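The structure appears below as C-alpha cells.
The values are calculated or read from the model by the stated rules, or taken from the named source; none is laboratory data. What you see is a predicted model; the values in this text were computed from it and never measured. Neighbour counts are summed over all protein chains in view; Cβ atoms, including those assigned to glycine, are modelled from backbone coordinates with ideal geometry.
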Amino acid sequence: MTLVLNQVTKRFGKETAVNHLSLKIPEKEMFGFLGGNGAGKTTTFRMILGLLDITEGEITWNGERINYSKSHLIGYLPEERGLYPKLTVKDQIIYLGKLRGMRKKEIVSELESWLERFKVPEYMNKRVEELSKGNQQKIQFISAVIHKPKLLILDEPFSGLDPVNVELLKRAVIDLKEQGTSIVFSSHRMEHVEELCEHLCILHKGNPVVEGSLREIKRSFGKKNLIIHAD
Ligand code: ATP
C-alpha cells in the first residue's frame with residue numbers, strides 16, 4: 001500500500017503552505033518529515049488524511065484517495081493533542097476503539113498490554129485529567145494504534161516528552177514497523193528522523209528541500225546542512 005503524493009499544493013488564501021510536493025512512501029517503512037515551524041508538515045498530514053482539501057495535485061494510497069471508509073486502516077496522532085479530560089483512560093480508549101469497529105473485550109485487552117508496555121498499568125481507571133501531559137501523550141498514542149492500523153501518521157510524537165518516554169515511544173514505533181505497519185512521522189529534530197527512518201523529506205516554508213534515502217541525502221548534502229534546514 002504505497003502512499004503517493006503527486007504535485008500536492010495547499011494554499012490558504014494567498015499563502016502557500018505546501019508547494020508542489022511529490023513523494024512515494026513505500027509500505028511497511030518508516031518515513032520522516034523534517035522541518036521547522038510552519039514548514040508544512042501538519043498541513044501535509046491533514047491532506048493525506050482527507051481532513052483538508054488539496055488545492056492542487058493528488059494523494060493516493062494503494063491507488064485510491066483516502067476517505068472515511070478507510071479510517072479503520074489508519075491511525076493518527078495529531079499535533080494538537082485532544083482527549084476527554086473527565087473520562088477514564090479505559091472509557092476514552094473504549095470509545096475510540098468502538099469508533100474503529102472494535103469490540104469492547106478486544107479493546108480492553110489491547111489497552112492492558114499497551115499500559116503494561118508503557119509501565120503504567122494503574123492508569124486504566126484514572127481520569128485523563130489526572131495524568132501529566134507526557135502520560136496523556138502516551139494515552140493519545142495508544143488511541144492512535146489500538147485498532148492496529150496499516151498506516152500510522154504521527155505528528156511530532158516525541159515533542160514534550162522526557163527522554164525516558166521518548167525511548168519508550170521510539171521502541172514502540174520500531175516494533176510496530178517491524179510488525180508491518182507503514183509509519184509516517186514528523187519532527188523538528190534530525191536525530192529522531194536519522195535514528196528511525198530510511199527515507200525522509202525535508203520541508204522548508206512549504207517547499208520540499210530534499211527527499212530521498214537518508215544515505216543518499218547525507219552523501220549529497222552532508223549532515224551539517226541538514227541540521228541547518230531542519231531548524
Ligand atoms: P509546526 O512544526 O509549527 O507545527 P508545520 O510544519 O506543521 O509547523 P503547518 O502547521 O503545516 O506547519 O503550517 C504551514 C503554514 O500554513 C504555516 O504558515 C501556517 O500558518 C499555515 N496554516 C496552516 N493551517 C492554516 C489554516 N487553517 N489557515 C491558514 N493558514 C494555515
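Report yes if some residue within region 110-123 is surrounded by fewer than 17 Cβ atoms within 10 Å (Cβ to Cβ), touching a Pro at 6+ places or on another chain (Cβ under 8 Å) and either closer than 22 Å to residue 74 by Cα or aromatic (Phe, Trp, Tyr) (or both); otherwise report no.
There is at least one residue in region 110-123 that is surrounded by fewer than 17 Cβ atoms within 10 Å (Cβ to Cβ), touching a Pro at 6+ places or on another chain (Cβ under 8 Å) and either closer than 22 Å to residue 74 by Cα or aromatic (Phe, Trp, Tyr) (or both).
Name the pairs whose Cβ atoms lie under 7 Å apart, with the first residue in region 21-42 and under 17 Å from residue 54 (Cβ atoms) and modelled with pLDDT of 90 or more, the second of a type in the set (Lys, Arg) and crowded, with 21+ Cβ neighbours inside 10 Å, and 6 or more positions between them or separate chains?
From region 21-42, the pairs are 33/41.
Pick out the one residue from 29, 80 that is within 15 Å of the ligand (Cβ to nearest atom) and either charged (D, E, K, R) or surrounded by fewer than 21 Cβ atoms within 10 Å (Cβ to Cβ) (or both). Walk me through how you get there before you give the answer.
Values: 29 fails: within 15 Å of the ligand (Cβ to nearest atom).
Just one listed residue meets the conditions, 80.
Among the listed residues 155, 162, identify the single one that is touching a strand residue (DSSP E or B) at 6+ places or on another chain (Cβ under 8 Å) and within 30 Å of residue 200 (Cβ to Cβ).
Details: 162 fails: touching a strand residue (DSSP E or B) at 6+ places or on another chain (Cβ under 8 Å).
Testing whether each residue is touching a strand residue (DSSP E or B) at 6+ places or on another chain (Cβ under 8 Å) and within 30 Å of residue 200 (Cβ to Cβ) leaves just 155.
Pick out, from region 135-209, the strands (runs of 3 or more DSSP E) lying fully within it that include 2 or more residues that are within 13 Å of the chain's Cα centre (by Cα) and crowded, with 17+ Cβ neighbours inside 10 Å. Before the answer, list the steps.
Values: elements: 151-154, 182-187, 199-204.
Because the criterion is at least 2 residues that are within 13 Å of the chain's Cα centre (by Cα) and crowded, with 17+ Cβ neighbours inside 10 Å, the strands (runs of 3 or more DSSP E) in region 135-209 that meet it are 151-154, 182-187.
Looking only at region 1-55, count every residue that is under 28 Å from residue 218 (Cβ atoms) and of a type in the set (D, E, K, R) and tell me the total.
Count: 5.
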